[in-house]
Amino acid sequence: MKNKYIRSMNTDSGRDSGGGALPRHPGSITVALAGNPNVGKSTIFNILTGLNQHVGNWPGKTVEKKEGFTEYNGKTYKIVDLPGTYSLSSGSIEETIAATYIVEQKPDVVVSILDASNLDRNLYLLTQILETGTRVIIALNMLDLAASKGVEINVERFEQLIGIPVIPIVAVKNRGIKELLSAVSELVAGTRTFHPAPLAYSKPIEDLIREISTRLGSSSAPLSNLRWVSLKILEGDDHVAGVLKSLLSAGDYRFIQDVQGRAEKLIVEIADARYDWIHRITSGAVSPLKLNIITFTDKLDHLLTNQVLGLTIVVLILGFIFWATFGLSTPLMSLLSSSFSMLDGVSAQLLGRAPEWVKGLLINGILGGVGTVVSFFPLIFIFFVFLGILEDTGLLARSTFIMDRVMHVLGLHGKSFICLLVGYGCNVPGVMCSRVMDNETDRKLSVLINPFIPCSARFVVTSLFVSVFFPNHAALVMVSVIGISFAVVVVTGLLLRKTVLKGDRSPLIIELPLYRKPNARTVGLYAWSKTVSFFRRAGTYIVSFTVILWFLSHYPGGTIDKSVLGMIGKFIAPAGRILGFDWRIMVALITGFSAKETSIATLSVLYNASDESVLGTALRQSISPLVAYVFIIFQTLYIPCLATIVTMKRELHDNKLLAIGIVYPLLVAFLISFAIYTVGLHL
């Protein structure tokens, strides 16, 4: 944490607590969405921003950052979706990001999204947001689900008691969103009442807050929000204390250290005071939970949490997803490929008498690369649609809970299942997903095993070879690929757990949200943003590499045999013969290190194929089905792509483990492929 964090936390923003106008952003009004996980933040964000959003990472972090813009009454609103978190402490990266953004960036309004069916827990985060001094509006979501659980909320009375604007919404049905924007506009303009119910602590706590504030006020730094910093110290925030060390005198800092020595007891007292505040408000506005109500979630969880039946259902669901993904995407990919083949002919006619090298560069190089990129779209998009449905319905969390038993037997943490599942889309977010682990050993193990999961890019390569060599046994081949890769994940997990990553697994603690009907808008935007993100990376790589490979395959000799690429392939050809690979396959594996999808672009250039059908014919004439299958397994398991390795380095912070993550997969891929090739030759 930087000094800027402390200073900005305590810099007067010019706001009072009564509702004055906030002319801080003449260009746009910044609205931050905050809340616990699974309260509907993403749904609200997607409704507000639509396609006008950007997804990236928070600076220096691997946690996803989503920003977007919306227009209302002639004004532009910048919407920031903060990571889901239960508090603003520094116990996790998500908590630190949320707290830092609110106190450092000072959004004009924070929309606190609450799950109406679980107010007590949700309101705890709100108490901490209010202590930062920011203006807050409550978006009371899931009122329909609360009613199904027998919870009735008097919204008008709730707003009177809490002193904050409360807007009832049902995000999945797009109800109350316009009213929410209207309330934000009124609060910014100063025409909406904002007088939060006061939260006072016990006399000993308040005395400590005053004492700490006095000492902080005498420091060399211009600190103004002294109460916020004082509470962070009382809660044992080591980051804040560490920064204050350089700002306070030796005596004042010793006092801070002494207070932090009692933090464990103080945290309990502070939490009790916050929950007392919450209880006073909810007891006057929320009806008691009706007893003996068995909800749909209860009934379905009774089946899904069964050790045998639940596991069977999860396996069937995942099996259906992969079957449907490839079943739906294959004909669409073929259609796109055929369309670009026709475009090649049209382009050749338009170029007329242009030099052959110009035709080759534009048609086989640039246009061929673009065609390859576009043909991937159905596979990537359909996969992320299914993954979005799993998450939006609440089935993803259940799958994690159910698979924890299996993961435990395999030496892995239950949360690893989420990361492995994400890895089927792309290993980069799969590796980044390791941040959900509470235990450092579990986190590093998750990073190292994830690259063995065949990502969507590898599936693209695999699907081409399967359609060419095994069209009548596609499902069987795909099951074998997934089975072998998962077996490697298990063996690797057990091996690393007993060697370089010894240690106990942390217990699985995960929230099981209520089941919800998937929201088409949320799922669609989720799939679209993930697909676009993938193509921004893959598209640039593929087109650029296609052009480079075209030059390398034509110069200096004019033919592939006499080109730079041909020389490289022939030099490493002896190593490939052990697995039945010719020099073209070896070159494709080398270029696949940059991005797995470029293997297809490489083979297209090397075989002078303008589309997948021509490439398929050339491959059938060049290699046997056995060699094709060995290639599928090898490219599934061998060294991760460059982007994944960079992400692994950032997550591991350990060059030794990074070296293992690079060399070990290459060794495993060779040994398994060699075994398959050897056995296949003798069958």
| query | When residues of region 146-163 are filtered for being of a type outside the set (K, R), within 13 Å of G284 (Cβ to Cβ) and not in a loop (DSSP other than H, G, I, E, B), how many remain? | reply | 8
| task | Could you tell me whether R650 is more than 28 Å from the chain's Cα centre (by Cα) and either touching a residue at least 24 places away in the same chain (Cβ under 8 Å) or not assigned by TED's automatic domain parsing to the domain that holds D442 (or both)? | result | no
| Do any residues in region 388-402 that are over 20 Å from S434 (Cα atoms) have Cβ atoms under 6 Å from those of residues that are hydrophobic (A, V, I, L, M, F, W, C), where the two are at least six apart or on different chains, and which pairs are they? | I389/V523; D392/V523
| remark: When restricted to E64, E71, the only residue surrounded by fewer than 13 Cβ atoms within 10 Å (Cβ to Cβ) and modelled with pLDDT of 65 or more is E71
| Say we look at region 276-302 and pick out the residues that are farther than 20 Å from L143 by Cα and of a type in the set (A, V, I, L, M, F, W, C); which of these is modelled with the lowest pLDDT? | L300
| When you look at I560, is it touching an Asp or Glu at 6+ places or on another chain (Cβ under 8 Å), over 30 Å from T441 (Cα atoms) and at pLDDT below 75, yes or no? | no
| task | Taking F634 as meeting all but one of (1) aromatic (F, W, Y); (2) buried (at least 21 other Cβ atoms within 10 Å of the Cβ); (3) free of Cβ contacts under 8 Å to residues at least 40 places away in the same chain, write down the number of the exception. | result | (3)
| message | Every residue in region 374-396 that is of a type in the set (G, A, S), part of a helix (DSSP H, G or I) and more than 14 Å from V532 (Cα to Cα), please. | response | G388
| said: Looking for something surrounded by 15 or more Cβ atoms within 10 Å (Cβ to Cβ), at pLDDT 70 or above and more than 22 Å from the chain's Cα centre (by Cα) - is there at least one such residue anywhere in region 501-509? | reply: yes
| Does V184 satisfy the condition of being assigned by TED's automatic domain parsing to the domain that holds S42, under 27 Å from the mean Cα position of the chain (by Cα) and not in a loop (DSSP other than H, G, I, E, B)? | no
| remark: When restricted to T132, T127, the only residue at pLDDT below 90 and hydroxyl-bearing (S, T, Y) is T132
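The values are calculated or read from the model by the stated rules, or taken from the named source; none is laboratory data. Keep in mind it's a predicted model, so treat the numbers as computed, not measured. Positions of Cβ are backbone-derived with ideal geometry, glycine not excepted, and every protein chain shown enters the neighbour counts.
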